[in-house]
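Quick notes on the structure that follows.
Just so you know, all these numbers are worked out from the coordinates, no wet-lab data involved. All values derive from a computational prediction rather than experimental measurement. Positions of Cβ are generated from backbone atoms using ideal geometry, with glycine treated the same way; all protein chains shown enter the neighbour counts.
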Amino acid sequence: MYRVWNYVTNYSLLLILGALIALVWANTDPQGYRHVVEYPLMFNDVVGVDASRWLIAHGSDFGIDGIGDVRRVLTFHFLVNDILMAFFFAVAAKEVWEAVILENGALRGRKAATPLIATVGGMLGPITAYLGLALFLGSDVYDAVQRGWAVPTATDIAFSYLVGRMVFGAGHPAVRFLLLLAIADDAAGMIILAVFYPSGDLAPEMLLVSLAAAVGVFGMCNWLPRRLDRHKELRPNSTWMRERMSFWPYLLAGAISWWAFQQSGLHPALGLLPIVATLPHADRAFGIFSEAEQYLTDLLNHAQQALKHPVEVVLFFFGLLNAGIEFNAIGAATWLVLAGLIVGKPLGVFAFGWIAARPLGLGLPRGMRHADLAVVGVVAAIGFTVSLFVASVAFATGPLQDAAKMGALFSFGAAILAVIAGKLARVQKRN
């Protein structure tokens with residue numbers, strides 16, 4: 001029991017706590033909860049939601065009927081979802097980046113082919129189930145909910161990892177397979193957010209500012225010191241940059257990139273992604289979320305370790321500000337999201353994983369059976385964190401968004417189904 005509690009503490013305890021508090025709060029004092037979520041921290045012209053829209057939707061709740069020519073309002077919700085969650089996506093992007101570019105990276109070569117193909121199925125399956133069932137329910141339902149097709153495509157890395165270890169044991173190859181799938185799933189989710197869910201009117205030319213920030217900080221703080229240190233065994237310039245400047249230049253570049261994403265119309269929570277790729281990194285990967293990486297001294301891993309505990313706090317507030325849904329909000333979108341995750345995700349993962357392993361001849365990891373692949377699909381149906389995030393950008397604040405979020409919360413039921421599936425499939429735990 002200690003081990004299970006340790007995993008929960010390391011990955012998601014604060015997130016769960018925030019979500020539970022939000023559920024209780026929203027169902028006992030809904031007006032007070034909404035008042036906190038949309039509380040205006042600052043009126044300004046730089047960061048925040050569109051001031052005119054906020055005034056129409058929430059101004060009366062705070063006794064505000066005019067704000068002059070101010071263009072933006074920094075609300076509590078915007079601070080967490082659009083600014084602080086950028087660090088959460090940066091941590092996830094770090095794992096994807098290392099898995100793709102480093103020697104022995106987990107998403108490189110033949111060993112990653114089957115999980116990546118299974119990931120495609122794990123996204124197409126939920127989309128098909130969601131939209132197909134919406135069409136079956138009628139054109140009115142379909143027209144209302146179609147924008148939320150991406151909500152059930154996500155896999156929550158932390159919770160799926162936790163449940164996967166409980167079902168398979170730490171040493172089972174299916175756990176590594178699951179992690180590869182979840183990381184690739186979230187990488188695809190970031191692309192979907194950027195392409196299909198812009199936060200405002202598109203101004204793609206602003207992305208040149210983000211590119212300039214990334215190229216500038218890479219050139220000055222990464223490439224140039226290494227160039228000056230050629231043929232110098234002690235690497236004095238790189239060492240000085242690492243010890244004296246640390247990650248501060250990259251944080252400044254990240255702030256510029258974040259602002260550029262906001263101005264471009266893309267979701268600003270993705271604004272740090274171009275900067276992640278510019279940080280000096282280790283020469284090889286130890287594996288996704290490997291504990292050994294905490295002993296590495298490269299700046300990329302150092303930044304991840306520095307962000308670990310702050311991001312856990314951010315996830316608490318994310319759960320607090322996004323999971324506060326009244327139970328009477330349950331509607332068609334709830335069951336569509338749940339069907340996409342609980343039905344579409346396992347079927348898609350298993351079907352595409354089987355095609356990759358058998359007809360395409362790519363095989364499964366040694367020691368993993370096709371029955372284990374089916375159980376992995378059930379574990380991957382836990383959408384929670386990213387599903388909540390996508391629901392918040394896919395739908396406007398209101399009953400439809402709340403209904404979709406409720407489906408994401410109900411996906412926790414996949415944990416129980418995964419345990420049952422593991423028993424039925426006679427999974428042999430390996431610790």
Over the stretch 344-399: Kirkwood hydrodynamic radius from C-alpha pairwise inverse distances, Å: 13.1
Residue-averaged [θ]222 nm for the chain, counting only DSSP H segments that reach four residues, each worth -39500 (n - 2.57): -19000 deg cm²/dmol
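Can you tell me the length gained on complete extension of the stretch I64 to A306, counting 0.36 nm per residue apart and subtracting the Cα distance? Write out the running numbers ahead of the final one.
On the way: separation 242, 0.36 × 242 = 87.12 nm, distance 3.96 nm.
That works out to 83.2 nm of additional length.
In the chain, what is the count of Lys pairs whose alpha carbons are under 21 Å apart, counting only pairs at least 8 residues apart or on separate chains?
Values: K94/K111; K94/K308; K345/K405; K345/K423.
For the chain, the number of qualifying lysine pairs is 4.
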Cβ-based exposure ranking for V390, V46, in which fewest neighbours within 10 Å come first: V46, V390
Span from the the stretch 159-194 Cα centroid across to the the stretch 334-395 one, whole angstrom: 10
Cα-centred dipole magnitude for the chain, charges only on beta-carbon of K, R (+1) and D, E (-1), debye, nearest 20: 1940
